[in-house]
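The values are calculated or read from the model by the stated rules, or taken from the named source; none is laboratory data. Given the structure is predicted, the values throughout are model-derived calculations rather than measurements. No Cβ is skipped: glycine too gets one built from the backbone with ideal geometry, and neighbour counts run over all protein chains shown. The protein model used for the area step is the full one, side chains on, heavy atoms only, and it has no ligands, DNA or RNA in it. Shrake-Rupley method; radii C 1.70, N 1.55, O 1.52, S 1.80 Å.
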Number of protein chains: 2
Amino acid sequence: MARKTGSHSEITGPRIRGAALKLFARHGFAAVSMRQIAAEVGVQAGALYLYTPDKETLLFDLLKAHMDELIAAWEEEPKGDGPLARLEGFVRFHIRFNLERTDAVFLSYMELRNLGPGNFAAIEALRRDYETRLETILRDGQAAGLFAAPDTKIATLAIIAMLTGVNTWYREGGRLSRQKVGDIYWDMVRKAVAA
Amino acid sequence: MARKTGSHSEITGPRIRGAALKLFARHGFAAVSMRQIAAEVGVQAGALYLYTPDKETLLFDLLKAHMDELIAAWEEEPKGDGPLARLEGFVRFHIRFNLERTDAVFLSYMELRNLGPGNFAAIEALRRDYETRLETILRDGQAAGLFAAPDTKIATLAIIAMLTGVNTWYREGGRLSRQKVGDIYWDMVRKAVAA
DNA sequence: GATTGTATTGAACGCGCGTTCAGATAATCT
DNA sequence: AGATTATCTGAACGCGCGTTCAATACAATC
């Protein structure tokens with residue numbers, strides 16, 4: 001036996017990444033075996049090595065792709081006029097984007113420790129890159145006298161932690177719509193850094 | 001060979017829990033073997049089973065003890081006069097307590113998924129218990145017209161996520177003292193829920 | 001319809017896993 | 001001093017791990 005009818009690498013590759021993302025997020029990187037991922041896709045474990053050199057690289061590729069997409073999506077987001085509108089845009093964007101990729105967000109916060117030093121540094125750099133975009137907004141607002149955060153670096157980390165926390169409790173079809181969640185968090189963030 | 005001079009269960013038990021806490025936090029529950037824990041303590045793997053029925057229970061006991069201590073410590077904290085002082089007390093307490101137990105906090109947020117349903121529910125209940133204590137403060141302040149959070153339940157989760165985030169970046173001997181960190185976060189929280 | 005190249009299988013590799021338990025040793029008790 | 005009890009060792013159990021690779025089946029091309 002070998003390849004089944006209609007199988008192609010353009011299909012199997014993404015399916016492997018999708019299965020790995022789902023299983024890693026659900027059970028943790030170390031708790032998921034290559035055989036489980038293969039079973040989810042419907043191939044034998046050996047076939048995975050046509051698409052990744054090893055298990056850690058599979059994880060790294062998922063994290064790297066997520067961070068790249070996060071930054072790219074923010075770059076394509078329409079920029080508001082002035083720091084206040086830009087901050088509102090960031091708050092709503094971050095919540096919206098993260099709620100659409102709960103597995104990848106979970107992975108990014110949980111499994112960095114399973115990367116070797118080089119891979120770890122690469123993801124960390126992307127994270128700092130993203131954070132800097134928020135901090136720039138805060139500093140601009142501070143300079144314009146619109147904000148009065150006691151420390152823009154800490155405020156950046158505090159806001160991101162607060163917004164990312166939405167993923168831990170939000171459930172589709174719950175008490176609040178995504179729109180309303182955005183409204184609530186924007187209200188709190190706006191006041192927290194207000195002059 | 002068997003027991004070495006001066007070995008006692010009152011010493012080995014805590015040492016096992018300490019080693020497990022450190023290693024689980026560092027590498028993740030699934031990535032740490034019973035043999036590694038035993039090696040850290042200086043005994044053979046079999047000896048661990050004098051102190052825990054299995055690996056998952058060892059994790060559960062660590063998480064349970066942490067949550068119990070968190071709630072007990074908050075109960076013993078001097079209560080401020082009125083919602084505003086109580087909220088300030090909570091903010092400063094949460095940061096201080098969590099910074100003193102980084103490993104346990106990390107575990108509590110990362111490894112819940114490695115518990116069976118019953119153990120998971122027990123820890124979740126304790127977490128909700130702790131959260132309720134903050135929400136009560138917010139609701140009291142809201143009733144007194146001191147606060148104007150758009151949604152006390154969400155504000156509770158947002159504040160806790162923001163405060164717990166301190167553990168991800170704070171380093172001893174860094175730019176900011178613990179006191180200053182408390183000041184900064186209290187400023188942001190106070191304004192975020194202000195009327 | 002034969003040839004070529006790609007995608008996949010299935011078996012195997014050495015290794016470490018969680019857990020059990022009979023036996024050995026040190027501390028304690030009578 | 002001798003018996004008892006608490007503590008720990010060391011070997012073993014079956015099992016699944018990540019990874020490799022020759023063999024193989026299919027698709028595409030000629």
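Below is a table of values for the structure above.
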quantity	calculated
Degrees, to the nearest 10: A:117-143 long Cα axis against longest axis of chain A	20 degrees
Segment A:1-129, accessible surface, carbon-and-sulfur percent (1.4 angstrom probe)	54 percent
Surface accessible to a 1.4 Å probe, A:Tyr51 within the full protein complex, Å²	80 Å²
Reachable aspartates and glutamates from A:Lys153, criterion Cα separation under 12 angstrom, eight or more residues apart if same chain	A:Glu131, A:Glu135
Interface size B-A, as summed buried accessible area [1.4 Å probe, Å², nearest 100]	2600 Å²
Inter-copy label distances at B:Gly18 (7 Å, Cα→Cβ; nm, one decimal)	5.0
Residue-averaged beta-carbon neighbours from other chains (10 angstrom radius) around B:23-33	3
Inter-copy separations for B:Tyr49, label at 7 Å along Cα-Cβ, nm, ascending	3.4
Where chain A is the region considered: accessible area per residue in Å², 1.4 Å probe	49 Å²
D (Stokes-Einstein, µm²/s), Kirkwood Cα radius, the protein assembly as shown, 1.306 mPa s at 10 °C	69 µm²/s
Amide hydrogen neighbours beyond the local backbone of B:Ala194, cut-off 5 Å, H modeled	B:Ala148
Per-residue average of Cβ from other chains inside 10 Å of B:103-111	1
With Cα atoms, 0 to 90° folded angle of helix B:55-76 axis to chain B main axis	40 degrees
Structure-based [θ]222 nm, the protein assembly as shown - -39500 (n - 2.57) summed over DSSP H runs of at least 4, per residue, nearest 500	-22500 deg cm²/dmol
Copies compared at B:Gly174 - label distances in nm, ascending, label defined 7 Å from Cα in the Cβ direction	2.8
Between segment B:76-151 and segment A:116-195, the alpha-carbon center distance in angstrom	21 Å
In sequence order, calculated HN-Hα J values of segment B:164-179 (Karplus, 6.51, -1.76, 1.60; Hz; x Gly/Pro)	5, x, 3, 4, 6, 10, 5, 10, 4, x, x, 5, 10, 6, 4, 4
Segment A:1-158, Rg to Rh (Cα coordinates; Rh as Kirkwood inverse mean 1/r)	1.09
Exposure of B:Arg139 as accessible area (Å², to 10), given a probe of 1.4 Å and all protein chains	120 Å²
Principal axis dimensions, largest first and in whole angstrom, of segment A:35-126 by Cα	54, 30, 20
